[in-house]
Amino acid sequence: MGNFRELVLRVVRSPKEERQLFLADEVDILFVNSAADWVTEITPQALEPLRAGWVQRRKVRLHQPADGMALVFNLRRPPLDELRVRQALTHLLPREQIIEGPYRGEYEPLRSYFEGTPGEKPALPELRCDTLEAGRLLDEAGWRRGPDGVRQDSLGHPLDVVLATNLSPEWTLVIDLIRQEFSRAGVRLRTEPVDMATHRDRVIKGEIHLFWHQWRGLQEPRPFSPFHSSQVASYNPSGLADATVDSLIEAYDANLLDDQRVQLLQHLDARLGQLAPYALGWHAPFLRLAWWNRFGVPAEVLRPQAGESCPLWLWWWDGSQAQELEAARRRDRFLPVGPLEVDSAQGRS
């Protein structure tokens with residue numbers, strides 16, 4: 001394993017350029033982060049090298065803390081400072097439709113702030129879109145439907161929220177689905193393009209109602225920065241300030257006993273679920289990749305807690321296989337194609 005004498009890392013400007021280099025056989029391995037690309041572009045129907053087995057592709061299920069995607073509520077600005085409004089909007093996030101539509105079934109719903117770690121609260125309910133429950137919560141919070149169908153408070157102010165986002169075609173489809181559900185419940189959703197240069201500054205200042213947030217899953221979660229009240233001025237993105245959350249985080253950071261740390265995280269997970277600073281979205285418990293079929297690759301392809309560097313130390317150069325690939329390309333001959341989906345913990349699925 002890992003018998004490579006030289007590694008060349010290419011810097012590219014875009015996924016499109018990376019894909020072009022890969023198909024030109026100037027790059028050996030391609031990790032595919034876009035669900036749409038995986039379903040429509042990196043397929044045997046679209047690419048002769050995949051059809052011929054010269055290029056192999058796999059979706060490898062991993063077993064590690066989830067990288068999460070969520071819609072974050074700004075608790076520092078009305079109307080999202082009201083718990084029942086946040087809970088209602090959480091019920092209006094159409095996760096199933098988004099996953100099955102724009103994301104082609106290539107993700108799974110996120111149920112926990114610490115999904116895939118021992119700190120995940122046991123027996124978490126599945127989060128489903130529920131317009132009736134959202135309406136009940138909004139009624140309780142004093143937001144009644146006005147003549148135009150948009151909910152209003154007692155002073156006649158409409159329930160109007162602004163989502164900051166990058167308006168790529170994929171995100172536009174996602175936002176259209178969210179807007180439809182919000183509208184059914186009487187919530188008006190507007191969008192505001194925000195570039196990455198100003199996004200963090202505006203989040204810290206609390207100028208944005210709703211925004212997307214993605215985080216890296218860690219085996220030992222670090223909840224202090226995203227959730228402790230002392231971090232509101234730096235990077236607690238929702239502006240959450242809750243004494244119970246603070247005390248759980250402080251006890252977790254001070255505790256060295258694994259069992260007690262797990263219990264504290266589970267209590268924290270439950271408390272965050274009650275407070276709803278985020279509408280939890282989706283995650284991908286796998287990596288999708290393709291490679292030119294000149295390497296020795298184990299049946300499981302990647303290790304269960306792998307990253308994109310895993311092939312550099314787990315795979316190996318196989319001279320005879322490389323010769324077989326070149327011969328197949330010269331003679332226009334097919335090579336065997338392996339299974340599309342593999343479980344990294346169990347080998348072939």
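The table that follows gives values for the structure above.
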{"quantity": "Region 85-98, residues that are touching a residue at least 60 places away in the same chain (Cβ under 8 Å) and either in contact with a helix residue (DSSP H, G or I) (Cβ under 6 Å, 6 or more places away or on another chain) or surrounded by fewer than 19 Cβ atoms within 10 Å (Cβ to Cβ) (or both)", "calculated": "87, 88, 92, 94, 97, 98"}
{"quantity": "Complete set of residues in region 62-80 that are in contact with a Ser or Thr (Cβ under 7 Å, 6 or more places away or on another chain) and surrounded by fewer than 17 Cβ atoms within 10 Å (Cβ to Cβ)", "calculated": "63"}
{"quantity": "Residue ID - surrounded by the most Cβ atoms within 10 Å (Cβ to Cβ), chosen from residues in region 107-140 that are charged (D, E, K, R) and within 15 Å of residue 91 (Cβ to Cβ)", "calculated": "111"}
{"quantity": "Residues located in region 1-55, provided they are more than 30 Å from residue 282 (Cα to Cα), part of a loop (DSSP other than H, G, I, E, B) and acidic (Asp, Glu)", "calculated": "6, 25, 26"}
{"quantity": "Cβ-Cβ under 6 Å pairs, at least 6 apart or on other chains, region 115-144 side closer than 16 Å to residue 86 by Cβ, far side aliphatic (A, V, I, L, M) and surrounded by fewer than 19 Cβ atoms within 10 Å (Cβ to Cβ)", "calculated": "none"}
{"quantity": "Residue check, residue 55 more than 21 Å from the chain's Cα centre (by Cα) and surrounded by 14 or more Cβ atoms within 10 Å (Cβ to Cβ)", "calculated": "yes"}
{"quantity": "Residue in region 241-252 that is surrounded by 18 or more Cβ atoms within 10 Å (Cβ to Cβ), in contact with a strand residue (DSSP E or B) (Cβ under 8 Å, 6 or more places away or on another chain) and more than 29 Å from residue 174 (Cβ to Cβ) present", "calculated": "no"}
{"quantity": "Output for region 266-279, where each listed residue is among the hydrophobic types (A, V, I, L, M, F, W, C) and modelled with pLDDT of 95 or more", "calculated": "268, 272, 275, 276, 279"}
{"quantity": "From the options 219, 266, residue that is surrounded by fewer than 21 Cβ atoms within 10 Å (Cβ to Cβ), under 30 Å from residue 339 (Cβ atoms) and not assigned by TED's automatic domain parsing to the domain that holds residue 27", "calculated": "219"}
{"quantity": "Given (1) part of a strand (DSSP E or B); (2) closer than 15 Å to residue 54 by Cα, index of the condition residue 342 fails", "calculated": "(2)"}
{"quantity": "Tally of residues being farther than 30 Å from residue 134 by Cα, outside any strand (DSSP E or B) and in contact with a strand residue (DSSP E or B) (Cβ under 8 Å, 6 or more places away or on another chain) across region 56-91", "calculated": "1"}
{"quantity": "Residue among 279, 299 that alone is within 22 Å of residue 218 (Cα to Cα) and either touching a Ser or Thr at 6+ places or on another chain (Cβ under 6 Å) or among the aliphatic types (A, V, I, L, M) (or both)", "calculated": "279"}
{"quantity": "Single condition residue 87 does not satisfy, out of (1) out of contact with any Leu (no Cβ under 6 Å at 6 or more places or on another chain); (2) within 25 Å of residue 159 (Cα to Cα)", "calculated": "(1)"}
{"quantity": "1 or more residues within 28 Å of residue 48 (Cα to Cα): qualifying helices (runs of 4 or more DSSP H) within region 232-326", "calculated": "310-314"}
{"quantity": "Qualifying residue in region 75-84 (condition: of a type in the set (Lys, Arg), touching a helix residue (DSSP H, G or I) at 6+ places or on another chain (Cβ under 8 Å) and closer than 30 Å to residue 158 by Cα)", "calculated": "yes"}
{"quantity": "Checklist (1) surrounded by 13 or more Cβ atoms within 10 Å (Cβ to Cβ); (2) modelled with pLDDT of 90 or more; (3) in contact with a strand residue (DSSP E or B) (Cβ under 9 Å, 6 or more places away or on another chain) applied to residue 224, failing item", "calculated": "(3)"}
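Quick grid of which residues meet (1) free of Cβ contacts under 8 Å to residues at least 24 places away in the same chain; (2) farther than 27 Å from residue 96 by Cα:
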| residue | (1), (2) |
| --- | --- |
| 149 | no, no |
| 170 | no, no |
| 189 | no, no |
| 192 | no, no |
| 206 | no, yes |
| 211 | no, no |
| 215 | no, no |
| 226 | yes, no |
| 229 | yes, yes |
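The values are calculated or read from the model by the stated rules, or taken from the named source; none is laboratory data. Keep in mind it's a predicted model, so treat the numbers as computed, not measured. Using ideal geometry, Cβ is built from the backbone for each residue, glycine included, and neighbour counts are taken over all protein chains shown.
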